[in-house]
Amino acid sequence: MDKETVSLENLGMGACMEMFEDGWKTLLANVLDPNTPAKAARSFSLKITIKPNDERDRGVVKIEPKTTLAPVNPFATKVFIGLEAGKPAAREYNDQQEPLPGMERKVFTLNKKED
């Protein structure tokens, strides 16, 4: 038998190592994502299962990657709700928006009477 001894690098003709590389990159990308909690733990594992035959001279190997990532932080916004052409509709409120023409705030100076 001239076959190479099985290792993580060649298991599944390289599929196991590829799954590791993909999982590792996914973990790192999740750590760098500013939309996730910085201190949340992330994990990645490869579960390798072998089911041998009755003679114990062959087996079927199953490789299962499992990734647990930090969830995306929730985001809240405000909307105005009403009817538009008779149908329910919503428009997002943007407090950073400049006043529309004709809608500028008008500030009046009050004249204080002196006694």
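A few remarks follow.
- Residue check, Ala29 out of contact with any Asp or Glu (no Cβ under 9 Å at 6 or more places or on another chain) and surrounded by 10 or more Cβ atoms within 10 Å (Cβ to Cβ): yes
- Any hit, the range 60-70, residues being at pLDDT below 95 and in a loop (DSSP other than H, G, I, E, B): no
- Of all the numbered requirements in (1) modelled with pLDDT under 95; (2) in contact with a helix residue (DSSP H, G or I) (Cβ under 6 Å, 6 or more places away or on another chain), Glu4 misses one, and that requirement is (2).
- For the condition surrounded by 10 or more Cβ atoms within 10 Å (Cβ to Cβ), modelled with pLDDT under 95 and within 27 Å of the chain's Cα centre (by Cα), Arg42 does not qualify.
- Meets criteria (touching a helix residue (DSSP H, G or I) at 6+ places or on another chain (Cβ under 8 Å) and exposed (fewer than 11 other Cβ atoms within 10 Å of the Cβ)) for Glu55: no
- Unmet requirement for Asn111, which otherwise passes all of (1) modelled with pLDDT under 85; (2) surrounded by 10 or more Cβ atoms within 10 Å (Cβ to Cβ): (2)
- Being at negative phi, of a type in the set (Asp, Glu) and touching a residue at least 40 places away in the same chain (Cβ under 8 Å) is a property that does not hold for Asp54.
- Verdict on Lys51 being over 23 Å from the mean Cα position of the chain (by Cα) and not in a helix (DSSP H, G or I): yes
The values are calculated or read from the model by the stated rules, or taken from the named source; none is laboratory data. All figures in this text were calculated on a predicted structure; none of them were measured in a lab. Heads up, the Cβs are rebuilt from the backbone with ideal geometry, glycines too, and the neighbour counts pull from every protein chain shown.
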